[in-house]
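Heads up: the structure comes next, in structure tokens.
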Amino acid sequence: DEAEAATISRSSDGTVKHLWRLEDGELVESVLIPTSQRLTLCISSQAGCAMGCTFCSTGYGGFRRNLTAGEISAQYRASQRWAQDREGYGRISNVVFMGMGEPLANRKALFPALTLLNQGYGLGARRITVSTVGLVPGILALAERPEQFRLAISLHAPESELRKALVPLEERYPLPILMEALKAFDDAGGKRITFEYTLIDGINDDLALAPPLADLAVSIQAFVNLIPFNPIPDRNWKPSPPERIQAFGRILEARGVSMAVRESRG
């Protein structure tokens, strides 16, 4: 499975998006994100996505198909080839499954791809992060693996009712069940969990939501990434103002949560 670049876009901050054309004509995206310390590759696990999260542009395109393990790892191989020939990039140090698709809905290809990246390409398991909206069976299966792959949870709300409006999967695996699975993942040892929390103005950025979010994070020593919302077509939502994001973060920190505000890149 070779990946052929349909388009390559490079941002002024060095971020590079590759749109790969697969053999059947499907298109998937991967993104190279350089910082002074590392070069992170964000890769896709599906063409489209069936999760239907209301703040995500991929969800609006619907689901087309799962990628194969070869198509997943080909994004790494082709991106590494591109990076090593360009000044200021070098070797990919981290991989995050945060591109198109829900990785744990495609475990049949994801798990062999993880093994390939880790053992075949020598990328440390702690440098590979699988992102999920909370597919509990997949989280439990990943917990059983001996490698210390990292897990990122697209949380976006610390209360079930609000989360349901943002992440439809909350209906099937509500927060209490998700948290049980995360405790099992945490108990497996050495496997860091991150909560991804996209802050949308007037939707999920009420400061009263910060303490319950902190409680969830502290219970499993999760790191929290606060992410300013990226506007998408068909939604007139706006990102939370920077001062609101800072205030939200200060409440988390005061309650003992390790957190960061993610910069918008690309």
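Of all residues being in a loop (DSSP other than H, G, I, E, B) and modelled with pLDDT of 95 or more in the stretch 187-220, which is surrounded by the most Cβ atoms within 10 Å (Cβ to Cβ)? Just the residue, please.
Filtering the stretch 187-220 down to residues in a loop (DSSP other than H, G, I, E, B) leaves 188-192, 201-206, 220.
Among the residues that remain, those that are also modelled with pLDDT of 95 or more are: 201-206, 220.
Working: ASP201: 14, GLY202: 10, ILE203: 19, ASN204: 24, ASP205: 22, ASP206: 12, ILE220: 17.
The qualifying residue surrounded by the most Cβ atoms within 10 Å (Cβ to Cβ) is ASN204.
Report yes if ARG21 is charged (D, E, K, R) and within 17 Å of LEU123 (Cβ to Cβ), otherwise no. Criteria not met by ARG21.
Considering only residues in the stretch 221-257 that are loosely packed, with under 13 Cβ neighbours inside 10 Å and in contact with a helix residue (DSSP H, G or I) (Cβ under 8 Å, 6 or more places away or on another chain), the one that is nearest to ASP206 (Cα to Cα) turns out to be GLY256.
Listed here are the residues, each with its yes/no results for (1) within 19 Å of HIS18 (Cα to Cα); (2) of a type in the set (Asp, Glu); (3) assigned to a helix (DSSP H, G or I).
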site: LEU32; (1), (2), (3): yes, no, no
site: THR40; (1), (2), (3): yes, no, no
site: GLU71; (1), (2), (3): yes, yes, yes
site: SER79; (1), (2), (3): yes, no, yes
site: TYR89; (1), (2), (3): yes, no, no
site: GLY101; (1), (2), (3): yes, no, no
site: ASN118; (1), (2), (3): no, no, yes
site: THR129; (1), (2), (3): no, no, no
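Working only within the stretch 58-75, note down all residues that are open to solvent by 40 Å² or more (accessible area, probe 1.4 Å) and farther than 14 Å from VAL28 by Cβ. Explain how you work it out, then say what you get.
Taking the stretch 58-75 as the starting set, the residues that turn out to be open to solvent by 40 Å² or more (accessible area, probe 1.4 Å) are 60-61, 63-66, 68.
The one that is open to solvent by 40 Å² or more (accessible area, probe 1.4 Å) and farther than 14 Å from VAL28 by Cβ: TYR60.
No other residue among ARG38, ARG81, ARG21, ARG86 is among the basic types (Lys, Arg), surrounded by fewer than 19 Cβ atoms within 10 Å (Cβ to Cβ), farther than 26 Å from ILE203 by Cβ and touching an Asp or Glu at 6+ places or on another chain (Cβ under 8 Å) apart from ARG21.
Out of curiosity, is LEU162 within 19 Å of VAL133 (Cβ to Cβ) and either part of a helix (DSSP H, G or I) or open to solvent by 50 Å² or more (accessible area, probe 1.4 Å) (or both)? Reasoning before the result, please.
On the way: within 19 Å of VAL133 (Cβ to Cβ): yes; either part of a helix (DSSP H, G or I) or open to solvent by 50 Å² or more (accessible area, probe 1.4 Å) (or both): yes.
So LEU162 fits the description; yes.
Inspect the stretch 91-106 for any residue being surrounded by fewer than 20 Cβ atoms within 10 Å (Cβ to Cβ), over 24 Å from GLU144 (Cβ atoms) and more than 18 Å from the chain's Cα centre (by Cα) and give the result as yes or no. Scanning the stretch 91-106 turns up at least one residue that is surrounded by fewer than 20 Cβ atoms within 10 Å (Cβ to Cβ), over 24 Å from GLU144 (Cβ atoms) and more than 18 Å from the chain's Cα centre (by Cα). The residues in the stretch 42-52 that are touching a Ser or Thr at 6+ places or on another chain (Cβ under 7 Å) and outside any strand (DSSP E or B) can be counted, and the count is 3. The criterion of being of a type in the set (Gly, Ala, Ser), surrounded by 19 or more Cβ atoms within 10 Å (Cβ to Cβ), at positive phi and touching a strand residue (DSSP E or B) at 6+ places or on another chain (Cβ under 9 Å) does not hold for GLY138.
The values are calculated or read from the model by the stated rules, or taken from the named source; none is laboratory data. Everything numeric here is computed off the predicted structure, so don't read it as measured data. When we count neighbours, we look across all protein chains shown, and the Cβ atoms used for this are built from the backbone with ideal geometry, even at glycine. Quick note on the areas: whole protein, heavy atoms, side chains included, nothing else; ligands and nucleic acids left out. Shrake-Rupley method; radii C 1.70, N 1.55, O 1.52, S 1.80 Å.
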